[in-house]
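Accompanying notes for the structure given below.
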Amino acid sequence: MATRLNPKHSEEFFLPWFLSTAMRKKVEDLLPPYYQIRLGIYFDKYGCISCETKRHECAYAGNGLCRDCYARITSRLRQTDRTMQRRFGEKQQKMTEKFLKRLTAARELLADLKAVM
């Protein structure tokens, strides 16, 4: 098992990346538009977040990654998702749905405040 950084920092930075595709899309829909372009701006400024290839030397694919790194990491994440599905099965889906249900309820409760502000 890999050594983990402080989970609070690593998970808040890459949260949508490490969810299933369906759950990641649900979470991304809740994020403000500026968050969606955050890693694109990073790529423009620093290059690929993984291999550090500069932006003028490769094509941007998404999530701060060049096309090659994006393909490699996406493949690895798909394999990871299959492993998690075998290991946790329906329990994983239920935990994610429970989290999103609480998130949706909080969002609905806070919607009234948005009108006031």
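Each reported figure results from applying straightforward, stated rules to the coordinates on display, with no laboratory input. Small disclaimer: the values here were computed from a predicted structure and weren't measured. We place every Cβ from the backbone using ideal geometry, glycine too, and count neighbours over all the protein chains shown.
Of the cross-linked pairs LYS26/LYS54; LYS45/LYS101; LYS25/LYS98, those separated by over 26 Å at the C-alpha level are LYS26/LYS54; LYS45/LYS101.
Using alpha carbons only, the radius of gyration of region 40-117 set against its Kirkwood radius gives Rg/Rh = 1.20. Computed from point charges on the beta carbon alone (+1 for Lys and Arg, -1 for Asp and Glu), the dipole magnitude for region 32-116 about its Cα centre is near 380 Debye.
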